[in-house]
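Everything on this sheet refers to the single structure shown next.
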Protein chains: 2
Amino acid sequence: MKDDRVLLDHGSGGLATKRLIEEFFLSRLANDYLSRLEDSAVVPVQEGRLAFTTDSYVVDPIFFPGGDIGSLAVHGTINDLAMQGAAPMALSMGLILEEGLMFSELERVAESISQACIEAGVAIAAADTKVVPLGKGDKIFINTSGIGRVPKGLYLGAHRARPGDVVIVSGFVGDHGAAILTARSNLSFGTEIKSDSAPLHALVSAVLERCPSDKIRLFRDPTRGGLATVLNEIAMSSNVCIEIDQDAVPIRQEVSGVCELLGLDPLYLANEGKCVVVVEEDHSQLVMDALSGLALGRHAAVIGCVKELGGVGRPVVTMNTSIGGRRIISMLSGEPLPRIC
Amino acid sequence: MKDDRVLLDHGSGGLATKRLIEEFFLSRLANDYLSRLEDSAVVPVQEGRLAFTTDSYVVDPIFFPGGDIGSLAVHGTINDLAMQGAAPMALSMGLILEEGLMFSELERVAESISQACIEAGVAIAAADTKVVPLGKGDKIFINTSGIGRVPKGLYLGAHRARPGDVVIVSGFVGDHGAAILTARSNLSFGTEIKSDSAPLHALVSAVLERCPSDKIRLFRDPTRGGLATVLNEIAMSSNVCIEIDQDAVPIRQEVSGVCELLGLDPLYLANEGKCVVVVEEDHSQLVMDALSGLALGRHAAVIGCVKELGGVGRPVVTMNTSIGGRRIISMLSGEPLPRIC
């Protein structure tokens with residue numbers, strides 16, 4: 001290509017689009033589906049249940065410690081499938097490029113998408129590229145949708161939490177949010193905070209192998225809105241209360257530090273490689289054993305339990321604080337940190 | 001909501017997002033999948049083959065004669081599935097909203113998505129909403145992905161055209177492109193040109209009912225890049241030449257008029273409710289019969305045929321012109337009309 005930036009022509013659907021796709025994507029993501037360049041991929045399926053999900057990624061900046069918009073888009077959609085216990089079968093990728101995007105940046109993102117797909121063992125089966133004029137987008141937005149096979153007999157869902165269940169989180173919370181925050185503000189804290197962006201399907205399947213699946217109520221990944229928001233969603237869907245212990249929630253010291261400095265609460269920061277597991281009490285140790293055996297789960301912790309609705313008669317999430325108090329953890333209402341994913 | 005515009009808060013993933021989704025989308029698109037508000041939908045599937053596709057829509061303006069970005073996003077993805085002969089099972093919807101978008105506009109788009117889904121008999125099973133700051137997007141971008149069931153024994157593809165096959169187009173070409181063009185430039189030609197945006201799955205299935213499916217080589221919808229680009233893609237994939245007759249290509253007089261005035265070629269204008277069918281010669285009348293019986297296919301026409309590679313030894317699309325000449329129809333290279341879909 002003569003120029004070193006994306007032009008409107010590259011979104012024409014004609015020759016320029018074809019060249020852009022061939023040069024940046026087909027060379028890296030080549031598979032039987034994509035190489036056919038048809039309007040849709042045709043994927044063989046077995047009888048059963050299919051998880052189907054979509055997410056758009058608009059993170060700013062597009063490169064951050066621990067990842068970039070490309071790997072994030074792959075991991076995020078794999079994780080949405082994994083939260084239903086599904087093994088990812090195929091992803092789609094819809095790119096919206098801003099005119100003027102440097103080819104070098106596009107290349108870096110394409111490479112990262114490719115690496116993330118290889119590491120997770122999943123293929124991009126369908127793709128689409130659009131270009132919008134300078135000032136009508138922001139470098140690159142990526143939509144990834146995905147399909148995955150749900151194991152037979154597995155019925156998970158945010159509505160399945162029951163009083164007495166145990167609430168587990170698979171590791172340190174707030175890393176992704178803190179990484180974006182510090183990358184964006186150019187804050188330096190001695191130690192660089194890295195995003196936790198990672199695919200969780202292997203972790204979920206390890207848990208399902210170890211623990212009888214009817215004892216697992218749900219998996220949920222606390223992305224936008226953080227742990228606090230996800231716990232509230234579970235409480236509302238299941239019409240229960242949830243009680244957590246502040247001291248039990250794993251938070252890195254650096255993340256606590258950034259939060260204190262900026263007046264943020266790590267419970268509301270996004271995570272991109274963590275999940276919440278709600279499990280019947282008697283089987284919670286099996287889940288902890290499975291998690292502890294994995295790199296992605298080695299800082300897993302029991303953080304609380306599910307309770308009956310209390311005197312107020314509505315779902316509430318409460319936290320027993322380090323200093324012996326108790327406070328209500330509400331859902332995120334505003335936006336402390338736009339464009340986190 | 002207090003304000004009448006989209007705010008960054010609406011993309012937080014917290015309470016504001018929940019309210020936006022409930023007010024604008026859940027009320028209109030309610031179905032068992034969406035109402036669960038899980039990270040992915042779980043869809044039952046039978047053993048077989050699944051078509052899986054994605055497309056992002058960035059059309060400007062978002063409202064145009066004959067449709068808007070919402071109906072276009074539904075139709076476009078249904079059509080990508082339909083081109084594989086697939087009946088749409090479920091769609092996903094990823095919205096990227098620009099801060100400051102009027103709620104009234106969002107409401108109109110949501111209503112249009114809902115209507116298009118009802119008319120096509122397909123549900124939005126998974127959705128996601130992001131908000132980007134003012135000036136980092138353009139009102140609304142929509143990604144729709146979709147899954148659909150491919151009938152047993154049906155193998156279509158752009159690589160299947162054979163010399164001797166007949167090339168059919170299902171109706172007037174260039175309407176969508178011309179509609180966007182006139183809407184954008186505020187040109188008036190007495191008659192308003194409307195986009196042809198429409199779902200094609202019923203048309204495709206009518207053709208497949210009438211004509212033995214092993215005689216149909218492929219369906220393809222000439223969207224970005226128009227008829228000319230799609231014919232070139234087919235010729236290249238199948239390694240054949242294609243010859244069409246200018247007089248046979250159905251083009252509305254108003255569309256020809258706009259094209260003449262602006263120096264554009266209608267063969268390169270986008271269509272959003274048309275398809276190209278390549279069929280074995282002996283069965284082409286069956287396809288024409290099926291098309292003619294439908295409102296969406298009543299202006300269908302045989303426009304040409306597939307030929308062996310000629311003296312040049314490479315795939316070429318040629319057109320016999322009205323004045324008795326012959327010219328090469330190349331692929332669209334540049335972008336005469338950015339953001340057409």
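The values are calculated or read from the model by the stated rules, or taken from the named source; none is laboratory data. On a predicted model such as this, the values are computed, not experimentally measured, just so you know. Positions of Cβ are generated from backbone atoms using ideal geometry, with glycine treated the same way; all protein chains shown enter the neighbour counts. Surface accessibility is based on the protein's heavy atoms, side chains included, excluding ligands, DNA and RNA. Shrake-Rupley method; radii C 1.70, N 1.55, O 1.52, S 1.80 Å.
Using the Cα gyration tensor of the protein assembly as shown, with a ≥ b ≥ c the square roots of its eigenvalues, what is the shape: rounded (a/c below 1.5), prolate (a/b larger than b/c) or oblate (neither)?
Since a/c reaches 1.5 and a/b is larger than b/c, the shape of the protein assembly as shown is classed as prolate.
Give the nm distances, rounded to one decimal, from B:Asp4 to the matching residue in every other copy, measuring between label points 7 Å along Cα toward the beta carbon; shortest first.
The answer, with the shortest distance listed first, is 4.8 nm.
Taking the convex hull of the alpha carbon atoms in the range A:68-206, what volume per residue do you get, in Å³?
Hull volume normalised by residue count: 160 Å³.
Please tell me which of these pairs span more than 29 angstrom C-alpha to C-alpha: A:Lys194/A:Lys307; A:Lys130/B:Lys274; A:Lys194/B:Lys136; B:Lys18/B:Lys152?
Table pairs above 29 Å Cα-Cα are A:Lys194/A:Lys307; B:Lys18/B:Lys152.
Once you charge only the Cβ atoms, +1 for Lys and Arg and -1 for Asp and Glu, what is the size of the charge dipole of chain A about its Cα centre, to the nearest 20 debye?
500
Please get the size of the charge dipole for the range B:1-84, origin at its Cα centre, with Cβ charges of +1 on Lys and Arg and -1 on Asp and Glu, quoted in debye to the nearest 20.
120
What does the accessible area per residue of chain B come to in Å², with a 1.4 Å probe and no ligands, DNA or RNA counted?
Roughly 37 Å² per residue, with all protein chains present.
Only Cα pairs under 8 Å and at least 6 apart count here; give the relative contact order of chain B as a rounded whole percent.
Numbers: 770 pairs, mean separation 76.9, N = 341.
Result for chain B is 23 percent.
In debye to the nearest 20, how big a dipole does the range A:178-336 give about its Cα centre with +1 on each Lys and Arg Cβ and -1 on each Asp and Glu Cβ? Could the numbers behind the result be given before it?
Values: 14 positive and 19 negative charges, 45 e Å.
Magnitude of the dipole: close to 220 debye.
Between copies, how far apart are the A:Arg298 label points? List them in nm, one decimal, shortest first, with each point 7 Å from Cα toward Cβ, please?
When each copy's label point is compared with this one, the spacings are 7.1 nm.
Tally Lys/Arg at +1 and Asp/Glu at -1 over every other residue whose Cβ is under 10 Å from the Cβ of A:Leu72; what's the total?
-3
Rounded, prolate or oblate: which fits the range B:158-328, taking a ≥ b ≥ c as square roots of the Cα gyration tensor eigenvalues, rounded meaning a/c under 1.5, else prolate when a/b beats b/c? Walk me through the numbers before you get to the answer.
Working: a/c = 2.04, a/b = 1.28, b/c = 1.59.
Taking the square roots of the gyration eigenvalues as a ≥ b ≥ c, the range B:158-328 is oblate.
Hand me the trypsin sites (Lys or Arg not before Pro) from the range B:93-170 located in a DSSP loop with no more than 14 other Cβ atoms within 10 Å, in residue order please.
Answer by residue number: B:Lys152.
Taking only DSSP H segments of four or more residues, each worth -39500 (n - 2.57), what value at 222 nm results for the protein assembly as shown once the sum is divided by all its residues, to the nearest 500 deg cm²/dmol?
Only helices count here, giving -8500 deg cm²/dmol.
What's the local net charge at B:Met102, with K and R +1, D and E -1, over the other residues with C-beta under 13 Å away?
In short, -3.
Got a number for the accessible area of B:Ser256? Probe 1.4 Å, square angstrom, nearest 10.
Approximately 40 Å² for this residue.
As a test, work out the antiparallel percent of DSSP beta bridges whose residues both lie in the range A:8-150, rounded to the nearest 5.
Here the share of antiparallel DSSP bridges comes out near 70 percent.
Separation of the range B:74-118 and the range A:152-223 by C-alpha centroid, Å?
30
When only DSSP loop residues count, what trypsin sites (Lys or Arg not before Pro) in the range B:209-303 have their Cβ near at most 14 other Cβ atoms within 10 Å?
Passing sites in the range B:209-303 are B:Arg298.
Just to make sure I understand: if all protein chains stay in place, what is the order of B:Ser40, A:Ser35 by accessible area at 1.4 Å, largest first?
Values: B:Ser40 10, A:Ser35 70 Å².
Accessible-area ranking of B:Ser40, A:Ser35, largest first: A:Ser35, B:Ser40.
Work out the P(r) tail for chain A: percent of alpha carbon pairs separated by more than 38 Å, whole number. Write out the running numbers ahead of the final one.
Numbers: 10972 of 57970 pairs.
Percentage above 38 Å: 19.
Please identify every one of the GluC sites (Glu not before Pro) in the range A:260-320 that sits in a loop by DSSP and has no more than 16 other beta carbons within 10 Å of its own beta carbon. Present the calculation step by step, with values, prior to reporting the outcome.
On the way: sites: A:Glu260, A:Glu272, A:Glu280, A:Glu281, A:Glu308; in loops: A:Glu272, A:Glu280, A:Glu308.
Filter output for the range A:260-320: A:Glu308.
Percent of accessible area on the protein assembly as shown owned by carbon and sulfur, 1.4 Å probe?
Exposed carbon and sulfur together represent 48 percent of the surface.
Report the one residue of A:Thr53, A:Gly13, A:Ala30 whose Cα lies farthest in the direction of the positive end of the charge dipole of the range A:8-150 (charges on C-beta: Lys and Arg +1, Asp and Glu -1; origin at the Cα centre).
The Cα lying farthest towards the positive end belongs to A:Thr53.
So what is the relative contact order of the range B:182-322, in percent, for Cα pairs below 8 Å that sit 6 or more residues apart? Please report the intermediate quantities before stating the final value.
On the way: 197 pairs, mean separation 57.4, N = 141.
RCO, the range B:182-322: 41 percent.
Report the accessible area of A:His299, computed with a 1.4 Å probe over the heavy atoms of all protein chains in place, in Å² rounded to the nearest 10.
Looks like 80 Å² after rounding.
Give me the accessible area buried between chains A and B, both sides summed, with a 1.4 Å probe, in Å² rounded to the nearest 100.
For A against B, buried area totals roughly 6100 Å².
Express in Å², to the nearest 10, the accessible area of A:Asp175 obtained by rolling a 1.4 Å probe over the protein heavy atoms while all chains stay in place.
Around 0 Å² of this residue is reachable by solvent.
What Kirkwood Rh does the range A:8-150 have if only Cα atoms enter the pairwise 1/r average? Answer in Å.
Final number for the Kirkwood radius of the range A:8-150 is 15.4 Å.
Report the one residue of A:Val150, B:Ile96, A:Ala300 whose Cα lies farthest in the direction of the positive end of the charge dipole of the protein assembly as shown (charges on C-beta: Lys and Arg +1, Asp and Glu -1; origin at the Cα centre).
A:Val150
Which residue fluctuates the most in chain A, going by a Gaussian network model with Cα springs under 10 Å, if the choices are A:Gly146, A:Gly297, A:Gly121?
A:Gly121
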